[in-house]
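What follows is a single structure, written as structure tokens, with notes after it.
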Amino acid sequence: MTDAASAAFLECCRAIAGAAHVLTDPRDTPPYLTDWRGRFTGRARAVVSPASVEEVAALVRLCAEHRVPVVPQGGRTGLVLGSVPDDSGSALLLSLRRLNRVRAIDPFNRTMTVDAGCILADIQAHAAQHGMLFPLSLAAEGSCTIGGNLATNAGGTGVLRYGNTRELCLGLEVVTAAGAVWDGLRGLRKDNTGYDLRDLYIGAEGTLGVITGAVLKLFPQPKAAITALVALCSPGDALRLLKLAESHCGPTLTGYELMSDVCLRLVASHFPGLPRPFPGRYPQYALLELSSHESEQHAVGLLEGAIEEALEAGVAQDAAVATSIAQSRALWAIREHIPLAQAAAGKNIKHDISLPISRIAEFIDATDALLQHAFPGAQVVCFGHLGDGNLHYNVAPPEGIAHEDFLAEQEAVNRVVYDSVAAFGGSISAEHGVGALKRDELPRYKSAVELNLMRALKAALDPLGIMNPGKIL
């Protein structure tokens, strides 16, 4: 595009979204162009923040006319370079932060219709004001947007009971790659009228179209939520405790998190004000949460019964049960501060993986050994949503090795971890997506048939290849 054509293009963007919402000054754009972890900074023709679905559609039509790539962006909390442009400077970065209205709430249908730019925590609070629950919960909920959650099919701590974001969405509104608006904002739990376009766009990371609105599924607010931290000897005991807890507690078990001793020591080192529930140390810990629609007494009874049986059977070594909301929040704070403690300790090599739940203990033992053989002294920081098979299996450098030097080994570390994940029947991305970071890994772990089907869908829905290019495929 010539300088004159580029200037004319930007003037059209200003006419659509308003001059104040088209950023081109290098002093204004960096926060939008750098990924959350600060590892990569791209470039963009401009950062545009439309205020309506109609403006989004007009901007995408403009980009299609001029063959300008479009990079949709929500709360900028992604971890796989999915919402930042490349370094060519050719793309238009489309920030959806101004699309932040709650459009409607239907208490009888238990649904809420929202703009894609709504902050997740605001959606949770709005549901609570109406006596209902939107159960998607993750560490970035104070800044991530529901559009980004849908684009990556985010998981979080409640998947065991409520499912991923896909299971929490009934309908979508999408601006297609041609700039048309698909209004699929239907609050139906049954709609068997052809291909499920909703599920196609969820998890597509903006490569097929721009999600601008959604109908979300709400649930009754539980009368009580009880939390406990249980000390364990091994990941195998964590699996045995999970089975026991599910047997005792059934659907009241809404969260089940695994944390290693390495994780708790990191948190204690960098956040000394957080509680230390046990006087001694144990190899592993499980964080359990029960949500009861009957009463707190009911939840406490179920949880204490499960823990008592686990202690008697030697599955659990010790347990701390929260007796107040403050204590419960303190236990969850330990889990939520693990990524922050890792960041404070220095850079590390992160993995967001999923495995058949039954094979997680084998995977941890086998992969820990493989890493120690290949990188003696490397420290594994393993935690995650054991109840749904999702681990954050992160690798920090051995003592005395500079973090930057160890990051140079990222490809080799990834190969050890990802090959082991594949050997155990798992996935190299559980809830963070693929983005640009894992794009080149897919051909190694997905079949040619699967990749060709994905490419066919991309070509059909985005024939010009302008939607978030370089991501996933």
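Taken together, the values in this text are just the output of simple stated rules run on the coordinates, not laboratory data. Keep in mind it's a predicted model, so treat the numbers as computed, not measured. Backbone-built Cβ (ideal geometry, glycine too); neighbour counts: all protein chains shown.
Tabulated results
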item	result
Amide N proximity, the stretch 329-349 versus residue 296 label position 7 Å along Cα-to-Cβ, cut-off under 14 Å	329
29 Å Cα-Cα reach of residue 471 towards lysines, excluding residues that sit fewer than 8 places from it in its own chain	217, 347, 350, 438, 446, 458
Leading residue at positive end of dipole, the chain (Cβ point charges), from 272, 46, 330	46
Farthest positive-ward along the chain dipole, Cα basis, beta-carbon charges - from 231, 138, 287	138
Estimated [θ] at 222 nm from DSSP helical runs (n ≥ 4, -39500 (n - 2.57)) normalised by residues in the chain, nearest 500	-11000 deg cm²/dmol
Extension reserve of the residue 15-residue 325 stretch, reckoned as 0.36 nm per residue once the Cα distance is removed	106.6 nm
Added length on full extension, which subtracts the Cα-Cα distance from 0.36 nm per residue, residue 265 to residue 451	62.8 nm
Chain lengthening between residue 311 and residue 441 when straightened (0.36 nm per residue, less Cα-Cα)	42.5 nm
Dipole moment magnitude, nearest 20 debye, the stretch 3-95 about Cα centre, only Lys, Arg, Asp, Glu C-beta charged	240
Qualifying lysines (Cα of each under 27 Å from Cα of residue 243; at least 8 residues distant if same chain)	223
Estimated inter-spin distance, residue 221 and residue 24, nm [label 7 Å along Cα→Cβ]	4.9
Check: the stretch 102-220 dipole with +1 on Lys, Arg Cβ and -1 on Asp, Glu Cβ, in debye	320
Dipole of the chain, positive direction: furthest Cα of 402, 433, 258, with charges on the beta-carbon	433
Virtual paramagnetic centre 7 Å along Cα→Cβ of residue 460, amide N under 11 Å, in the stretch 169-207	195-197
Whole-Hz ³J(HN,Hα) from phi, Karplus 6.51 cos²θ - 1.76 cosθ + 1.60, for the stretch 185-194, glycine and proline x	7, 10, x, 9, 8, 9, 7, 9, 10, x
Ranked by how many other beta carbons lie within 10 Å on average, peptides 97-103, 280-286, 257-263 from highest	257-263, 280-286, 97-103
Taking N as its residue count, the alpha carbon Rg of the stretch 3-95 over 2.2 N^0.38 Å	1.02
